[in-house]
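Colleague: Quick one: the structure is below, questions incoming.
The values are calculated or read from the model by the stated rules, or taken from the named source; none is laboratory data. These figures come from a predicted structure and were not determined experimentally. As a convention, Cβ positions derive from the backbone with ideal geometry for all residues, glycine included, and neighbour counts pool all protein chains shown. Calculation scope for accessible area: heavy atoms of the full protein, side chains included, ligands and nucleic acids excluded. Shrake-Rupley method; radii C 1.70, N 1.55, O 1.52, S 1.80 Å.
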Protein chains: 2
Amino acid sequence: MPAPEPTPSVVPSARETESATPRGRTGRLPPGGSLGRPGASSSTRLDRWVLGRLAGIFAGAPIQLVLWDGTTATLGRSPMAAIGIADRRTLRDLVLRPEIGFGEAYADGRLTVHGDLEGTLETVFRHMAGRWPRPILPHRATGASRSAARHNVHAHYDLGNDFYRLWLDDAMVYTCAYYERPDASLEDAQTAKLDHVCRKLRLRPGEHVIEAGSGWGALAIHMARHYGVTVRAYNISEAQLEYSRARAWREGLAGRVEFVAGDYREIRGRCDAFVSVGMVEHVGVRRYRELGEVIARAIHPGHGRGLLHFIGRNYPARFSPWIERYVFPGAYAPALSEVLPRALEPFDLAVEDVENLRLHYAFTLAEWLARFERHAREIAEMFDERFVRMWRLYLASAQASFASGDLQLFQVLFRRPLDGDAPSTRRAFYQDPPA
Amino acid sequence: MPAPEPTPSVVPSARETESATPRGRTGRLPPGGSLGRPGASSSTRLDRWVLGRLAGIFAGAPIQLVLWDGTTATLGRSPMAAIGIADRRTLRDLVLRPEIGFGEAYADGRLTVHGDLEGTLETVFRHMAGRWPRPILPHRATGASRSAARHNVHAHYDLGNDFYRLWLDDAMVYTCAYYERPDASLEDAQTAKLDHVCRKLRLRPGEHVIEAGSGWGALAIHMARHYGVTVRAYNISEAQLEYSRARAWREGLAGRVEFVAGDYREIRGRCDAFVSVGMVEHVGVRRYRELGEVIARAIHPGHGRGLLHFIGRNYPARFSPWIERYVFPGAYAPALSEVLPRALEPFDLAVEDVENLRLHYAFTLAEWLARFERHAREIAEMFDERFVRMWRLYLASAQASFASGDLQLFQVLFRRPLDGDAPSTRRAFYQDPPA
């Protein structure tokens, strides 16, 4: 049993150290009170009462909250970060709409984190596991129409290939990698992920694969090159399609990999295997059945199989409203109990294998974030400082969510129930990849 | 596309070959009409109309239906078996209540299958996939109270250790084996299953395991002997408990494996890992949440994990009413969408791994059935011929259900979400077992 946590204490500032401090992503914990803004008005009794409420919600978390005048609340023992709150509006938002207010204030620079950002978030998430105030209403099931899907995808994936190239691996794989060893490079881990997916699908030369949501084309091209299959890949990001087609052409695979402008609802024709990596998050619970219909219509009635790779949760819960509003419009991370009875069970598709790779995603995000930071100046020139702060928080909070077990990464392999006559094991998934 | 199926034809008997035929489990397909019973009354026009209805339901299945007077309906091309229907009551039951009528008539000897029993069942199940008449009402969720659970378990597992010893492996493992190679012996495949479960749980020496539903003790004893853990195993079959305790004592493991008379609701204390192999089928959907509470209370809040191994389905559907009434009172095979949101999600337990081993169970059942047949005479002397027919049909239809994809075998591995800091793969599940 953990020892009882200290009661959060609110200490009004003596305003003795009002020098401005650098607002970096990381940095040593500044001395108490040094986050005050020179010239800012003093906090009122009401402000300090609100700060006390906020401190109560996060009681025991190893952080300090510091108001604009240096007033400090220490929430737990050995604080690993100080959170500077620059004005009254930010303080109010953190109490009234914390899930969205934190991110908005961070992006604006009205809220600053002094200390290791992702480490602090992870520690707070772990500390708060099971303690977040429960929302009063159940979350609303959503489902993106075709035009909404186009809008959502454009808003995120069409930020420019030049931007993503700065911090993704060489093959531009923007989904969870697979670390066969914790010290693998991101490049190796992404290649290992592509092979892991292909081996799970037990692809055979000459087979035909349909991919829904193909990113910059890495999986489709890898399947065609190394597993001898033909691929038709559907995508609705123009920037990604253009990149993918050029790459397939350059590598002499244009005859075997076709990139089609269309979303999953436009899939036509039959395939031996269906695969979708990182798209289910954008479909919406209310459309999972439609997705299942598409899959069931597409895969071979005898030996057909498929794999869905998606960010999920341990139970149905609302996705981060901040990420949904500012980073990934329409995104939702489902529980298995939301996907299976809608997308697979109505079509008598047998779940063959589920694997949870959440810690692999925490490692992937750590590497993306490190590369992002190395190019922060360039990215600020492409966009602006606000964009950099927003994406920094998005990557760091996602890393913290996977590391703390708040988010999961599921690979669900399924197949027609009639297939097969001798029992197989998964041993082949763990043999060396084909040359 | 399969070619259109022939319309079933009903051919009245010329009564030319009325000799009685041997009623064996298998045998060559008898010549048309030879299943008639000498001296039986002729079938009426109504009988033949009912036979036509029955033939319509199974149209295209490669079987013949033969009435008591030799009247024959050939349902599909190249029939692989003839099903003899000995009287009007049997014919009526096959149309009005086929799911229970078939098994009752088979056990009574009023219905005989001439041809390979399990092969015919599998072919019919494959043929009928997606074509079974849908029940009008959804199936009723059940849940066994403690006394019902005791009654149900006693009715099946307390038939006598001498009976089960005749056809199970040496260690008396009465659950799906794991065939690392299709030609493995049943003994090796059961040992491999025990290791597969232990490796998935990543057991470490000195840890404590709680097992719910421990059969004849094979897994508990294997874990203690080969993985250095202590085990507390709960069971409500007196015959199994007695056998298990004697074995642990004989093997010098009584100090490390405790067999407790009690069902899962009586589990007390903490463990590092929770395991249950072949018990969920007896719990009932309405009690899954209670089972989840027991698990969540028992496993360590930090590194706790567990494994549920159970017979399941691709979607919620009623279990065979005949098996439920005559063989396994109260049994139910759930879909994953029935188990996960009740037993795991409310307790924030993360699904780490799901594996479907249905073809391994088809192989296991084939071996059990072969051994059962070798001891059919002894078993008839222990019980009676009716019992032998009933169990033959139970084992054969279960084998056919797993082989045809009607039943699944799920192993669900789960763990607390906070556990772990480096990503791991499942490669270790496929390394050599400890000495």
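Colleague: Return yes when A:ALA317 is at pLDDT 95 or above and either more than 14 Å from chain B (Cβ to nearest Cβ) or surrounded by fewer than 24 Cβ atoms within 10 Å (Cβ to Cβ) (or both) and no when it is not.
Modeller: So A:ALA317 does not fit the description; no.
Colleague: Turning to a different aspect of this structure: Going by the structure shown, is B:GLN399 in a strand (DSSP E or B), more than 8 Å from chain A (Cβ to nearest Cβ) and polar (S, T, N, Q)?
Modeller: no
Colleague: Follow-up question, since we're still on this one. Among the listed residues A:GLU238, A:GLU281, identify the single one that is touching a strand residue (DSSP E or B) at 6+ places or on another chain (Cβ under 8 Å), open to solvent by 30 Å² or more (accessible area, probe 1.4 Å) and in contact (Cβ under 8 Å) with a residue 40 or more places away in the chain.
Modeller: A:GLU238
Colleague: Right, next: Can you find, within the stretch B:61-81, the residue that is modelled with the highest pLDDT among those that are assigned to a loop (DSSP other than H, G, I, E, B) and of a type in the set (Ser, Thr, Tyr)?
Modeller: B:THR71
Colleague: Shifting gears a bit: Of the residues that make up the stretch B:325-332, is at least one at pLDDT 95 or above and out of contact with any Phe, Trp or Tyr (no Cβ under 6 Å at 6 or more places or on another chain)?
Modeller: no
Colleague: Of the residues that make up the stretch B:373-395, is at least one more than 14 Å from every other protein chain (Cβ to nearest Cβ), open to solvent by 20 Å² or more (accessible area, probe 1.4 Å) and at pLDDT below 90?
Modeller: no
Colleague: While we're here: Kindly check whether there is at least one residue in the stretch A:181-190 that is open to solvent by less than 20 Å² (accessible area, probe 1.4 Å) and among the hydroxyl-bearing types (Ser, Thr, Tyr).
Modeller: No, that holds for no residue.
Colleague: Please go through (1) at pLDDT 90 or above; (2) among the aliphatic types (A, V, I, L, M); (3) within 19 Å of A:LEU393 (Cβ to Cβ) for A:MET128 and return the number of the only condition it doesn't satisfy.
Modeller: Every condition holds for A:MET128 apart from (1).
Colleague: Moving on. Give the residues of the stretch A:276-299 that are outside any helix (DSSP H, G or I) and either of a type in the set (Phe, Trp, Tyr) or in contact with a His (Cβ under 8 Å, 6 or more places away or on another chain) (or both), sorted by residue number.
Modeller: A:SER276, A:VAL277, A:GLY278
Colleague: Additional query: Which ones in the stretch A:71-98 are in contact with a Phe, Trp or Tyr (Cβ under 7 Å, 6 or more places away or on another chain), open to solvent by 10 Å² or more (accessible area, probe 1.4 Å) and farther than 20 Å from A:MET128 by Cα?
Modeller: A:ALA86, A:ASP87
Colleague: A follow-up question, please. For residues that are in a helix (DSSP H, G or I), of a type outside the set (Asp, Glu) and more than 13 Å from the chain's Cα centre (by Cα), tally how many sit in the stretch B:344-367.
Modeller: 3
Colleague: Would you pick out the residues in the stretch A:158-210 that are small (Gly, Ala, Ser), more than 13 Å from every other protein chain (Cβ to nearest Cβ) and under 19 Å from the mean Cα position of the chain (by Cα)?
Modeller: A:GLY160, A:ALA171
Colleague: So if I check each of B:GLY292, B:GLY312, B:GLY306, which one is out of contact with any Pro (no Cβ under 7 Å at 6 or more places or on another chain), at pLDDT 95 or above and open to solvent by less than 30 Å² (accessible area, probe 1.4 Å)?
Modeller: So the residue among B:GLY292, B:GLY312, B:GLY306 that is out of contact with any Pro (no Cβ under 7 Å at 6 or more places or on another chain), at pLDDT 95 or above and open to solvent by less than 30 Å² (accessible area, probe 1.4 Å) is B:GLY306.
Colleague: Based on this model, can you work out whether B:GLY101 counts as surrounded by fewer than 22 Cβ atoms within 10 Å (Cβ to Cβ), small (Gly, Ala, Ser) and either touching a strand residue (DSSP E or B) at 6+ places or on another chain (Cβ under 7 Å) or in a helix (DSSP H, G or I) (or both)?
Modeller: yes
Colleague: Where the second residue is part of a helix (DSSP H, G or I) and open to solvent by 30 Å² or more (accessible area, probe 1.4 Å) and the first is facing chain B (nearest Cβ under 8 Å) and lies in the stretch A:328-347, which pairs have Cβ atoms under 6 Å and are six or more apart or on separate chains?
Modeller: Filtered contacts from the stretch A:328-347: A:SER337/B:PRO341.
Colleague: Additional query: Taking the criterion of being open to solvent by 40 Å² or more (accessible area, probe 1.4 Å), within 11 Å of chain B (Cβ to nearest Cβ), in contact with a helix residue (DSSP H, G or I) (Cβ under 6 Å, 6 or more places away or on another chain) and not small (Gly, Ala, Ser), would at least one residue in the stretch A:353-360 satisfy it?
Modeller: no
Colleague: Based on what the data block shows, is B:PHE363 touching a helix residue (DSSP H, G or I) at 6+ places or on another chain (Cβ under 8 Å), within 11 Å of chain A (Cβ to nearest Cβ) and either open to solvent by 20 Å² or more (accessible area, probe 1.4 Å) or on the phi > 0 side of the Ramachandran plot (or both)?
Modeller: So B:PHE363 passes the test.
Colleague: Among the residues of the stretch B:390-415, write down those that are of a type outside the set (Val, Ile, Thr) and more than 15 Å from B:LEU121 (Cα to Cα).
Modeller: Of everything in the stretch B:390-415, those that are of a type outside the set (Val, Ile, Thr) and more than 15 Å from B:LEU121 (Cα to Cα) turn out to be B:GLN408, B:LEU409, B:PHE410, B:GLN411, B:LEU413, B:PHE414, B:ARG415.
Colleague: I'm told B:GLU238 meets every condition in (1) within 21 Å of the chain's Cα centre (by Cα); (2) at pLDDT below 95; (3) over 25 Å from A:ALA335 (Cβ atoms) except one. Can you identify the failing condition by its number?
Modeller: Answer for B:GLU238: the failing condition is (1).
Colleague: Could you figure out which of (1) open to solvent by less than 70 Å² (accessible area, probe 1.4 Å); (2) touching an Asp or Glu at 6+ places or on another chain (Cβ under 8 Å); (3) modelled with pLDDT under 90 isn't true of B:THR142?
Modeller: In the conditions (1) open to solvent by less than 70 Å² (accessible area, probe 1.4 Å); (2) touching an Asp or Glu at 6+ places or on another chain (Cβ under 8 Å); (3) modelled with pLDDT under 90, B:THR142 misses (2) alone.
Colleague: Of the residues in the stretch A:404-414, how many are open to solvent by 10 Å² or more (accessible area, probe 1.4 Å) and either assigned to a helix (DSSP H, G or I) or more than 22 Å from A:SER276 (Cα to Cα) (or both)?
Modeller: Result for the stretch A:404-414: 1.
Colleague: Taking the stated definitions as given, is A:ALA380 over 19 Å from A:LEU159 (Cβ atoms), more than 17 Å from the chain's Cα centre (by Cα) and part of a helix (DSSP H, G or I)?
Modeller: Judged against the criteria, A:ALA380 is not a match.
Colleague: How about the stretch A:254-274: which of its residues are under 18 Å from A:GLY206 (Cα atoms) and more than 26 Å from the chain's Cα centre (by Cα)?
Modeller: A:ALA254, A:GLY255, A:ARG256, A:VAL257, A:GLU258, A:GLY269, A:ARG270, A:CYS271, A:ASP272
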